[in-house]
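No lab work stands behind these numbers, since they all come straight from the coordinates. This structure is a prediction, so every number in the text was calculated from the model and none was measured. Cβ placement follows ideal geometry from the backbone for every residue including glycine, while neighbour counts extend to all protein chains displayed.
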Amino acid sequence: MSTAETMAKMSPTYKYSLFTVYILSVVTLFSGNVHTQTIEEQQPVSDPVEDYIDAINNVEAEYSAYSTELSDLYLGLGKSLYSKRSYADARQAFQRGMQIERVNYGLNSLSQAPYLLSIADAESYLGNWKESRKALENLYTINTKAYGENDVRMLPVLDQMLDWYLTSYEERSANGGYDNLVISERIAMRMQLILDADVALDDPATPDRYRRLGYLQYFIANHIKQHGEPSQPGMTISTGGSSSRAASSTSHRHFHRGKVALERVVESLVQQEGSLEVDQAIAIAELGDWYLVFGQRFSAAEAYQLAYDVLEDTEQSEQLREELFSKPRIISFTMDKSSQSDVADGPSDAQLEVSMMVSEFGVPQNIAVVGPSADLSKEQLQALRKEVKNQRFRPRLAAGQAEQAEHVIFYEKPAPQS
């Protein structure tokens, strides 16, 4: 069979793949001679956006406007435009790619997922938060149609949605951030229903999933503490004490939900095959931290004592106790464990050394900046002390009992006041 006949029998997809390999070969051959060129001659010769547009035009001309190869090209084009902050054009590219996926694979195809997430991102940068929410609701809908609302296969998409709402929280106003948290809590409740019903406690992923659900409750409670709950138009708020009772009730609700989730973390670690006592002790101490920040001091003391006792029969128990409990530790309910470290080898040029006395209830007292920089104003130092005072610490434990202790942490220098 001749080469021409062979090419004629090839599928469009295969011919397009060969064309791509050929282009890459040419690029590789060209790059082999780059070392002989000057730096000026090595400057980029094309723009990724233009390259994607050219590739799209070529595929549309040779095949069709709904060729399956086009959806990936539009996704790449959208990401390139997004990186250039051309959000409206990026959104249009993502929408076109999603349309091609729907034409080829159906209105409820799961292959739409990356396009919907990208559309949500683009809409958020354009300030269209309702449109972002619609894209994510569409993502949820197509997955529920494929799996059902309570299927364990829904957990990854719920994770993605929760990530999106928590990541975009900082970009919003206080009221907008509250909207994000309300939706996040609904997602979390759906996740917990699935976890409680169908995921075994000895599943390796279970502890982190429950831990994350617990932390979310602190995130919500802390937002309400700082900003309050948005009032509805046309409603009035009584000043006769009912408002404080409502706030207390709200705080208790989030305390209880978080406590249940963190108790599941402990239960799960106990049932994990090969689980280490040190991991269990950390989780129990974390439950003690939860009690402490919500003012449940007696329960916190019990949890800390239990965490200390769990290490009784472990190898190098005294060394582990020393590492975990011999000095105060800042309480930070975040999945980014690196951000929880408050001790370093020494302050960097951008940090200040701050000393304090941490009480047996985790409250910082006698806060002082060690060797304050001369360029810090009185207002900056006051702001720094206020920030430290609002923190809570796991107290030093001696024989499992909390006691006050001196402590040093390093803080970023406050920005100069304008």
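To make sure I understand, if each residue's beta carbon is the centre and we count other beta carbons within 10 Å, what order do MET189, MET356, MET98, MET154 fall in, fewest to most?
Numbers: MET189 11, MET356 22, MET98 25, MET154 19.
Least crowded to most crowded, the residues run MET189, MET154, MET356, MET98.
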Practice task
At a Cα cut-off below 16 Å, give the aspartates and glutamates reachable from LYS386, other chains included and same-chain residues fewer than 8 away excluded.
Solution key: GLU353, GLU412
Exercise for the section: Could you go through region 279-293 in sequence order and give the Karplus-derived ³J(HN,Hα) for each residue, using 6.51 cos²θ - 1.76 cosθ + 1.60 with θ = phi - 60°, rounded to whole Hz, and x for Gly and Pro? Expected result: 5, 5, 5, 5, 5, 5, 4, 5, 5, x, 4, 4, 4, 5, 5
Handout entry: All aspartates and glutamates inside 19 Å of LYS259 as judged from Cα atoms, apart from same-chain residues fewer than 8 positions distant
Key = GLU185, ASP196, ASP208, GLU267, ASP279, GLU286, ASP289, GLU302
Exercise for the section: Calculate one ³J(HN,Hα) per residue across region 102-114 by plugging θ = phi - 60° into the Karplus curve 6.51 cos²θ - 1.76 cosθ + 1.60, and present them in order as whole Hz with x for glycine and proline. Expected result: 5, 4, 7, 10, x, 5, 10, 5, 5, 5, 6, 3, x
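Among ILE284, ILE330, what is the fewest-to-most ranking by other Cβ atoms within 10 Å?
Values: ILE284 25, ILE330 20.
Going from sparsest to densest Cβ surroundings: ILE330, ILE284.
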Handout entry: Shape of region 113-237, Cα gyration tensor, a/c cut at 1.5
Key = oblate
Handout entry: Within region 67-128, GluC sites (Glu not before Pro) in DSSP loop having at most 14 other beta-carbon neighbours inside 10 Å
Key = none
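Past 30 Å, Cα to Cα, is the threshold; run LYS225/LYS378; LYS84/LYS134; LYS84/LYS413 against it and keep the listed order. Walk me through the numbers before you get to the answer.
Values: LYS225/LYS378 27 Å; LYS84/LYS134 24 Å; LYS84/LYS413 32 Å.
Beyond 30 Å between Cα atoms: LYS84/LYS413.
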Completion exercise
Between ARG329 and residues 5 or more places away or on another chain, the pairs with built amide H atoms under 5 Å apart involve ARG394
Exercise for the section: Please say if region 43-126 is rounded, prolate or oblate, where rounded means a/c under 1.5 for a ≥ b ≥ c the square roots of the C-alpha gyration tensor eigenvalues, and otherwise the choice is prolate for a/b larger than b/c and oblate otherwise? Expected result: oblate
Problem - FRET efficiency estimate (nearest 0.05) - Cβ-Cβ, VAL363 to GLN272, R0 41 angstrom - result: 0.75
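Give the peptides 166-173, 203-210 in descending order of average Cβ contacts within 10 Å, highest first.
On the way: 166-173: 14.0, 203-210: 17.4.
Ranking, from highest mean packing down: 203-210, 166-173.
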Handout entry: Residues PHE325, PHE94, PHE255 arranged by fewest to most Cβ contacts within 10 Å
Key = PHE255, PHE325, PHE94
